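The values are calculated or read from the model by the stated rules, or taken from the named source; none is laboratory data. Please read all numbers here as calculations on a predicted model, not as lab measurements. Positions of Cβ are generated from backbone atoms using ideal geometry, with glycine treated the same way; all protein chains shown enter the neighbour counts. Each accessible area value is taken on the protein alone, full model and side chains, heavy atoms only, with ligands, DNA and RNA left out. Shrake-Rupley method; radii C 1.70, N 1.55, O 1.52, S 1.80 Å.
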Amino acid sequence: MILRSAMLAAAALTATACERRPQAVAVEDAWLRLPPVPGRPAAAYFTVTGPDGVRVTGASSPAAARIELHHSRIEGGVMRMGPLDPAGATLRSGRLEFAPGGRHGMVFGLDRSVTAGGSIPLTVTFE
């Protein structure tokens, strides 16, 4: 069984689109799947809402050595994972989901003090 564990703290951010005044960009429903084997990467999931064209460029947390944005897909009947193409990280229809089986943050070097039911801060960056 896979544990849905530490809720990631996410704050509403402000980004500018092609308009004069900034529109709100929000990170919602953030959660972290702890690795089944300690020391392996965790996976971060969240939903970004805001104006079309905003691009998610990265994520970070003081509780992790680094977070890489990845995308999973099935090719020839095999699940493959790799870095997220910048075009795949752009909001369309005001929403971009990072969810199991698709876009996600690979969390490397997660602090060993993070346990199920806890929380960690998460910063999502935009362009």
A careful count of residues in the range 86-98 that are more than 14 Å from the chain's Cα centre (by Cα) and of a type outside the set (A, V, I, L, M, F, W, C) gives 3
Within the range 26-61, residues more than 22 Å from Leu96 (Cα to Cα) and open to solvent by 70 Å² or more (accessible area, probe 1.4 Å) come out as Pro36, Val37, Pro38, Arg40
Filter the range 85-96 for residues that are touching a residue at least 24 places away in the same chain (Cβ under 8 Å) and closer than 21 Å to Ala59 by Cα; the one that is most open to solvent (accessible area, probe 1.4 Å) is Arg92
Within the range 62-81, the residues that are within 15 Å of Pro35 (Cβ to Cβ), open to solvent by less than 80 Å² (accessible area, probe 1.4 Å) and over 11 Å from the mean Cα position of the chain (by Cα) are Ala63, Ala64
Per the filter on the range 97-109, residues assigned to a strand (DSSP E or B) and either open to solvent by less than 50 Å² (accessible area, probe 1.4 Å) or not acidic (Asp, Glu) (or both) are Phe98, Arg103, His104, Gly105, Met106, Val107, Phe108
### Message
Looking at the range 30-45, can you tell me whether even one residue there is free of Cβ contacts under 8 Å to residues at least 24 places away in the same chain and more than 26 Å from Ala116 (Cα to Cα)?
### Response
no
If we keep only residues of the range 115-126 that are under 17 Å from the mean Cα position of the chain (by Cα) and among the β-branched types (Val, Ile, Thr), then the residue surrounded by the most Cβ atoms within 10 Å (Cβ to Cβ) is Val124
Among the residues of the range 33-51, the number that are of a type outside the set (D, E, K, R), farther than 16 Å from Arg92 by Cα and in contact with a strand residue (DSSP E or B) (Cβ under 9 Å, 6 or more places away or on another chain) is 7
